[in-house]
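Written below as structure tokens is the structure these notes are about.
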Amino acid sequence: MRTDCSIFKFIIATLALLWALMGNLKPVWAQADTIRLQDKRLMTQVLQTGNRQYLVYFQMLKNKKNLRFWYWIRNTSIENRNDEKVFTINQHWFGSDTLAYRSVYSVNRTADFAPLYHAETINGKIKAYNWGADKITGADSVKDNTAKDFSLAFKRPNFNWNLDIETFEMLPLAAGKTFAINFYDAGLDPPAYVTYKVTGSEVIATTNNDKVDCWKLFTESEYQGKHYTETYWISKKGHEFLKEEDAFEGGYRYKIKLPQMTPDLMKRFVK
């Protein structure tokens, strides 16, 4: 009987020790790093200014001999606005016809990348917003603003989802990291946290077959009841967004950063 009790006590002690050890273990995706404006965890100092151009194309499985193309231009600069340093980001999206063209203009603080202003012009109609920590409202000073009556209060500050590329470039990426980012797409549904995971790294070939070591950042979700995934390749050394591959029901979307030798279309086509 004593032997049985000793064995029983030993088993209980061993299980207790294992339980305690397991409690100290942290699974790879156990906890996400929440990216908050007040924490200033985005590395805003690494965001590169200047002109960047991207080829965006769709491959639909039902029509394999056809590709749908976009051409994106994103220009980032640092300016002064009301005695405060800000990033101004101008985007121009070109498609197959003039109706596909859109321009986007965003203003964010350089200190924490907090959105201050955002405007989009699509099909000749402008939507412009003043963006604060607790709300976003239509900019009534902008002529013909179709969103002038829009207003939405926030529970907490958020980031501009239209600037996801720039946001990813400023993340403190590392192996095993998971990030929760409170993103908002101006004028649409309320802000929501989106989870992004560093699933590993990969060396990809660029111009002249140069090899660039990249972090792979991954997210997945549902849109209108359909599952999709997005994977981004961001260089470890230069913090550059180089490639994206999205998979959704019926096809794929790709974004490829074009080399610096690509002609600047802004000088020729956009007045």
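Read the figures in this text as sums done on the coordinates, not as results from a lab. The structure presented is a predicted model; accordingly, all values stated were derived computationally and were not measured. Positions of Cβ are backbone-derived with ideal geometry, glycine not excepted, and every protein chain shown enters the neighbour counts.
Taking each of Lys211/Lys257; Lys125/Lys226; Lys177/Lys236; Lys125/Lys255; Lys177/Lys216; Lys135/Lys177 in turn, the alpha-carbon distance tops 19 angstrom for Lys125/Lys226; Lys125/Lys255; Lys135/Lys177.
The charge dipole of region 28-164, taken about its Cα centre with unit charges on the Cβ atoms of Lys, Arg (+1), Asp and Glu (-1) only, comes to about 540 debye.
Relative to the longest principal axis of the Cα atoms of the chain, the long axis of helix 2-24 lies at roughly 10 degrees.
The share of Cα pairs per 10 Å bin across region 211-271, counted from zero up to the longest distance, runs 19, 35, 28, 18, 0 percent. The alpha-carbon of Lys85 sits under 20 angstrom from the alpha-carbons of these lysines, leaving out residues fewer than 8 places away in its chain: Lys40. The HN-Hα couplings worked out from phi for region 50-65 by the Karplus form 6.51 cos²θ - 1.76 cosθ + 1.60 (θ = phi - 60°) are x, 9, 9, 10, 9, 9, 10, 9, 10, 10, 9, 5, 7, 9, 5, 8 Hz, whole numbers, x standing for Gly and Pro.
All distinct Cα pairs of the chain go into the 1/r average, and the inverse of that average, the Kirkwood radius, is 21.3 Å.
In a reduced charge model with +1 at each Lys and Arg Cβ and -1 at each Asp and Glu Cβ, the chain shows a dipole moment near 340 debye about its Cα centre. Distance between the C-alpha centers of region 129-167 and region 169-200? Whole Å please. After rounding, the separation between the Cα centres reads 19 Å.
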